[in-house]
Amino acid sequence: MILGFDAMKKILYLMEYPIDLPGGGQMSTQTLCEGLCLNGRFEPVVCCPELLSRSKADYPFRIVTYASDENRELSRISRIKNFLSRIGDFKRIIDAEQPDIIHVSMSESLISYGALRLTGHFKNIPFVYTDRGLKCGYRKHSLTCILATLKYAAGLLTTTEYNKKLWSCEKLSCPITVIPNTISDAFDEYDPAMRDIKRSEAGIQKDDCVIGFAGRISEEKDWGSVPKIVKALKDAGLDFKVALVLAVYEERDELIKKDLIDGIATAIGRENLVYMQDLSQKEISDYYYMVDIFVMTSSFESFGKAAVEAMSRKCAVLSTRAGGLPEVIGKEEDLYDKDNLSAFSKRASELLYSPQLMDEEREYFYNRYKRLYTRDVNVSRHEELYSRVLS
C-alpha cells in the first residue's frame with residue numbers, strides 16, 4: 001500500500017559512478033528514477049560524479065554532480081583521495097538538498113556516507129541501501145564498514161532472495177527487502193515483427209540458429225570460457241551463428257576483445273560471427289530479437305540483468321549457477337556447469353532442434369519477465385518501501 005503525502009517527498013540517490021556509465025547499478029537507478037518521475041509521488045535526485053558523455057538535461061530527473069578521479073581503481077593514493085573527497089561532497093550536497101530519504105545505491109557510497117552517519121550527521125534523515133553485489137563478495141574491512149553503517153539504516157534492499165539469506169545471517173536491526181534490478185523501459189514492449197527485421201539487417205537467415213553472448217568486459221563475466229563453449233557446441237554437431245555484444249571501456253579491454261573474437265572465429269568461422277560494441281539501451285533491446293539462445297557465462301553474478309533483458313525478447317536462456325542466477329532463471333534444466341559442456345551442448349541441441357520445446361521456453365521466460373521484472377513492477381515495490389520508511 002502506498003501512503004498519501006501532503007507534498008512530494010524528495011529521494012536523494014548517492015552513487016560513486018556517473019549515471020551515464022554503462023552498468024547494472026547505474027542503469028537500474030536511472031530506470032527507477034524515470035519511473036518515479038512518471039508516477040509523480042516522489043522527486044528523485046541523483047548525486048554522482050561528473051557525467052562522461054551525456055548532459056544533465058538528457059534526463060527527466062535532476063542530477064547533482066561532484067568531482068571524481070575516473071582512474072581511482074588503478075592507484076591506492078587516488079582511491080583514498082577520492083574517498084575523503086567524496087565524504088565532503090556528500091555532506092555538502094545533502095546539506096543543500098535536505099532530502100526526505102537518502103537511498104545509497106552502491107557499496108563505496110555507503111562506506112563514504114557511513115563516515116558521516118557514524119559521526120552524528122543526518123540523524124533525522126532515514127536512509128536505505130541497495131546491495132547490488134553479494135555479501136560474500138566484500139573484503140573484510142569493507143564488510144566491517146558496511147555493517148557499522150547498516151546499524152542506522154531504515155532498510156536493506158537486495159536484488160535476490162539468495163543475497164537476502166546471506167545478509168540474514170548478520171541479524172541486522174533493519175528489515176531486508178528483495179527488489180530485483182530494474183531494466184530499461186526500452187525492453188517494455190515486445191514486437192514480434194522485429195525478429196525478422198533485425199536478423200535480416202545482420203545478415204542472419206530466417207532459419208539460422210543464433211547463440212547470443214552480451215555484457216561488459218570484466219573478470220566476473222569469464223569471457224575466456226566463451227570460445228570453449230562455442231567449440232563444444234560445434235563439436236556436438238550443431239550448426240549455428242554467434243551474436244556477440246561487448247561494452248569496452250578501457251584500452252586493456254581491447255586485447256580481451258581480440259582474443260574472444262579470434263577464439264570464436266577459429267571455432268565456427270568469422271563469417272558466422274555477428275559482432276557489435278557499446279550499444280545504447282534501445283540498440284541492445286533490438287539485439288536480443290536476433291538471438292535464439294542467450295548464454296550467461298558469469299563466474300560471479302549477484303543478479304544477472306542481461307538474462308532478464310533476453311527474457312523480455314523471448315530468448316531461451318542458459319546460465320551458470322553463479323550467485324543469484326539460478327533464482328533469476330528459475331529452471332534447473334537451463335543451468336549448466338562449465339566442467340560439463342557435453343550436458344550444456346545436449347540442452348542447447350534439444351532447444352534448437354525441437355521447435356515446440358523452443359516455443360515453450362520462449363514463452364516461459366517472457367512470462368517470467370512480465371510477472372517479476374518489468375519497470376512498473378519494480379518501481380511500485382520501491383514506492384511501497386519509501387512509503388513504509390516515511391510512515
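The values are calculated or read from the model by the stated rules, or taken from the named source; none is laboratory data. All values reported here derive from a predicted model rather than from experimental measurement. So basically every Cβ, Gly included, is an ideal-geometry build from the backbone, and we count neighbours across all protein chains shown.
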- Task: Evaluate the stretch 271-287: report whether one residue or more is assigned to a loop (DSSP other than H, G, I, E, B) and over 29 Å from Asp20 (Cα atoms).
- Result: no
- When the stretch 301-326 is examined, which residues are found to be in contact with a helix residue (DSSP H, G or I) (Cβ under 7 Å, 6 or more places away or on another chain) and surrounded by fewer than 17 Cβ atoms within 10 Å (Cβ to Cβ)? none
- Does Phe294 count as in a loop (DSSP other than H, G, I, E, B) and either touching a helix residue (DSSP H, G or I) at 6+ places or on another chain (Cβ under 7 Å) or not assigned by TED's automatic domain parsing to the domain that holds Arg216 (or both)? no
- Message: I need a count of the residues in the stretch 262-272 that are surrounded by fewer than 17 Cβ atoms within 10 Å (Cβ to Cβ) and closer than 19 Å to Gly203 by Cβ.
- Response: 3
- Note on the structure: Of (1) of a type in the set (D, E, K, R); (2) surrounded by 16 or more Cβ atoms within 10 Å (Cβ to Cβ); (3) under 26 Å from Val328 (Cβ atoms), Glu283 fails just (2)
- Task: Considering each of Arg362, Arg388, Arg375 in turn, give the residue that is within 26 Å of the chain's Cα centre (by Cα), farther than 15 Å from Glu309 by Cα, among the charged types (D, E, K, R) and surrounded by 14 or more Cβ atoms within 10 Å (Cβ to Cβ).
- Result: Arg388
- Query: Residue check: is Lys171 farther than 22 Å from Tyr13 by Cα, basic (Lys, Arg), without any contact (Cβ under 8 Å) to a residue 40 or more places away in the chain and out of contact with any Pro (no Cβ under 8 Å at 6 or more places or on another chain)?
  - Reply: yes
- Message: Given the criteria in a loop (DSSP other than H, G, I, E, B) and modelled with pLDDT of 95 or more, does Thr65 qualify?
- Response: no
- Would you mind telling me which numbered condition in (1) in contact with a strand residue (DSSP E or B) (Cβ under 6 Å, 6 or more places away or on another chain); (2) crowded, with 20+ Cβ neighbours inside 10 Å Arg62 fails? (2)
- Message: For the stretch 215-245: of the residues being assigned to a loop (DSSP other than H, G, I, E, B) and at negative phi, which is modelled with the lowest pLDDT?
- Response: Ser218
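Conditions tested, residue by residue: (1) surrounded by 14 or more Cβ atoms within 10 Å (Cβ to Cβ); (2) assigned to a helix (DSSP H, G or I).
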residue: Pro180; (1), (2): yes, no
residue: Asp191; (1), (2): no, no
residue: Lys198; (1), (2): yes, yes
residue: Gly203; (1), (2): no, no
residue: Asp208; (1), (2): yes, no
residue: Phe213; (1), (2): yes, no
- Message: Please go through the stretch 300-332 and give me each residue that is touching a strand residue (DSSP E or B) at 6+ places or on another chain (Cβ under 7 Å), in contact (Cβ under 8 Å) with a residue 60 or more places away in the chain, in a helix (DSSP H, G or I) and under 16 Å from Tyr369 (Cβ atoms), ordered by number.
- Response: Ala306, Ala310, Met311
- Can you name the residue in the stretch 39-52 that is hydrophobic (A, V, I, L, M, F, W, C) and over 16 Å from Lys9 (Cβ atoms) and is also surrounded by the most Cβ atoms within 10 Å (Cβ to Cβ) among such residues? Cys47
- Residue list for the stretch 215-227, filter: within 23 Å of Asp339 (Cβ to Cβ) and surrounded by 15 or more Cβ atoms within 10 Å (Cβ to Cβ): Gly215, Ser218, Glu220, Lys221, Asp222, Trp223, Ser225, Val226, Pro227
- Query: (1) out of contact with any Phe, Trp or Tyr (no Cβ under 9 Å at 6 or more places or on another chain); (2) of a type in the set (Val, Ile, Thr); (3) surrounded by 22 or more Cβ atoms within 10 Å (Cβ to Cβ): which one isn't true of Val230, the others all being true?
  - Reply: (1)
- Item | Given (1) in a helix (DSSP H, G or I); (2) among the aliphatic types (A, V, I, L, M); (3) closer than 17 Å to Val128 by Cα, index of the condition Ile87 fails | (3)
- Examine the stretch 246-253 for a residue that is part of a helix (DSSP H, G or I), in contact (Cβ under 8 Å) with a residue 12 or more places away in the chain and among the acidic types (Asp, Glu), and state whether such a residue exists. yes
- Message: Based on this model, can you work out whether Leu116 counts as touching a Phe, Trp or Tyr at 6+ places or on another chain (Cβ under 9 Å) and outside any helix (DSSP H, G or I)?
- Response: no
